[in-house]
1. Which FRET efficiency, nearest 0.05, do ALA33 and GLU68 yield, Cβ-Cβ r, R0 51 Å?
2. Treat the count of other C-beta atoms within 10 Å as a stand-in for reagent exposure and order ASP478, ASP391 from fewest to most.
3. Sequence gap at least 6, Cα distance under 8 Å: using those rules, report the relative contact order of the chain to the nearest whole percent.
4. Size of the dipole of the chain about the Cα centre, Lys and Arg at +1 and Asp and Glu at -1 on the beta carbon, nothing else charged, in debye to 20?
5. Treating the angle as unsigned and between 0 and 90°, give the value, to the nearest 10°, between the Cα long axis of helix 369-378 and the longest Cα principal axis of the chain.
6. Which trypsin sites (Lys or Arg not before Pro) in segment 11-88 pass both tests, a DSSP loop state and at most 10 other beta-carbon atoms within 10 Å?
7. For segment 154-232, I need the span (max minus min coordinate) of the C-alpha atoms along each principal axis, in Å, sorted largest to smallest.
8. Rounded to the nearest 10 degrees, what's the angle between the helix 301-313 long axis and the longest principal axis of the chain, both from Cα atoms, 0 to 90?
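No value in this document is a laboratory result; all are computed from the given coordinates. Treat the numbers as computed from the prediction; the structure is a model and nothing was measured. Here the Cβ positions follow ideal geometry from the backbone for every residue, glycine too, while neighbour counts run over all protein chains shown.
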Amino acid sequence: RDIEHGATVLPLVPAVARLLAARAGRAPLTGTALRLAMVGAGVVDDELDDAFRAALGIGLARDYGSSETGSLFSAPAGAPSGRVGHPLAGIGFRILGDEGTARAHDDEPGELQIRVAGEPGPGDAEDGWRPTGDVAAYHPKLGLRILGRRGRAVRRGDRWVAPEEVETVLRSHGDVLEARVTGVPGRTATGPTTRLHAEVVSLRGTGADSAELHRHAQDRLAPHKVPDRIRAVGELPRGRSGKLLPARRLVPGDEATLIACAQGHKRSELLFTLMRLGVLDLLWRGPADSARVAGELGLDAEVCEQLLQVAESAGLLRAAPPEEREATRPPSAGAGGVTSAPGPAADVPDGAAAILALEERLSRSWVTREQLTALARTGSAARAFDAEGPDDVLRGVYQRAMHTPAAHRRSGIGLRLAGARDGRLLEITCGPGRYAHTHGTAAANRLLRVGTLAEQSTHGAGDRPPADGPPAVPEPEDGELFDLVVVCNAVHLPGPGSDLRELAARLAPGGRLLVDDVFLDAPGGLPQEIRLDWLTHGGSAWPTESTLTAGLGAAGFTVRRVVHVGTPAVTLLVAAPEPRPTPQAEGAA
């Protein structure tokens, strides 16, 4: 909007420049007032420069500097690929080799130091030279080439590798949204070595074909620059400006926090105890004091009183409001908790009991210290959950937690947001298919279940469905197109639910995509601890709305609506592919 309304100067980082070029490239902006677009904090290659010029009419100038020094080098648009130009007036520079002597300007890498005309500033040596911490090379005609921070640049034998160069090559693959390359110390039969590890965010999700990406790198890089390992991840961390952040060096938290965390398990154990005894079930039906709880459930009065006292101080229970203190409760069927008659469904918080039951089961099965320790040692590719699978109890508890009455109400909201009235629907889900069974003519819909926790059919493909259940919805066939594709509780899992290319290929002209799931950065959304669930028994593709939105944009979608529903917030996101201009329209334009 700013560009369309007359902006003339545009400062960018490479990630934003790529997204802007991709978005504007589908409908090139012509006749703008832009006179300068300058990129800092990263590499501009010929591919990015050409794409930006085609989309916005001007190429990308380059700038190199820091917050402490301001700009040091600059280059106009069209500068050689990966170069940041020549020094500005008053800027001296030198490149030091390993022996500490200045290199000739022969494009050989070393540590870059600069000197600003005038008195030495803070951090400068007595002679005025300031280390930048960057490894760089300079050619009198081509200009300065930054290989990366000295802590990031990788030395392999007697040669330097610039992670930024390898990242640029990986990003040139059509499915790669972002890449980060790091050096990892290792050993071979001949001694110590440094291995190159690459992490990519792929439009194909975390199940992207790493072998294909490896071949892509081999075709475009010298052998010593090809990553030893390429792994698809759900996200890569960025700063507020969009600049990719390096891996952080960490230390333990303060002692009080560690101790509080270590003792925190007692609260969850108490909560699960109240569930098993039937206390929560009883109190959801109406307020009661400890004596009444103990009497109705057949518990020891003294122990029950202390348990409830601790639960109240921990926030698990609270004093009943005055208007509820005299409320009556229907009688229980008997003592013992597990045999008590449940209260009216309307009195139980919608979905809360199902979620608590799921968490209680996970605390004794998959999200445990034993499973996390084993996972850290063996890697997610060999996790026990995929080999052993969930038992029937966990699968049933999970399905009840994911498909509460609130979830069914949310389906109706999602269909209205997507503007879905008629037409064919494909639901990709790890559940029973609440969209596919309720939208339009169910017989025209298709259902694709993914993930180990997906509800398993109890009848074969050729058998009649159970008489008391909904009709079976068939799986989609190859090449079938749909007016609405719904990804429900499956966008984080490897497979078709997180493969943005596959989702786009399933949509008929004018079709829409609806994502119904939870994300870590949604307002009022989930805590970071949910990553432990995804790590041990789920998937980690597209963990945040912001990453998914960027991926959808790169895959040719426009996000039309984003709505947050419930507590914690569930995201309903509606997107549609941007129409490609026809050859006739391009000619007329």
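1. Numbers: r = 33 Å, r/R0 = 0.64.
Result of the calculation: an efficiency of 0.95.
2. Numbers: ASP478 4, ASP391 11.
In order of increasing Cβ crowding within 10 Å: ASP478, ASP391.
3. Numbers: 1022 pairs, mean separation 50.5, N = 589.
With pairs under 8 Å counted, the relative contact order is 9 percent.
4. Numbers: 66 positive and 74 negative charges, 208 e Å.
I would put it at about 1000 debye.
5. With rounding to tens, the tilt is 30 degrees.
6. Values: sites: ARG18, ARG23, ARG26, ARG35, ARG53, ARG62, ARG83; in loops: ARG26, ARG35.
Here the sparse-neighbourhood loop sites are ARG35.
7. Projected onto the principal axes, the Cα atoms of segment 154-232 cover 37, 20, 18 Å.
8. 30
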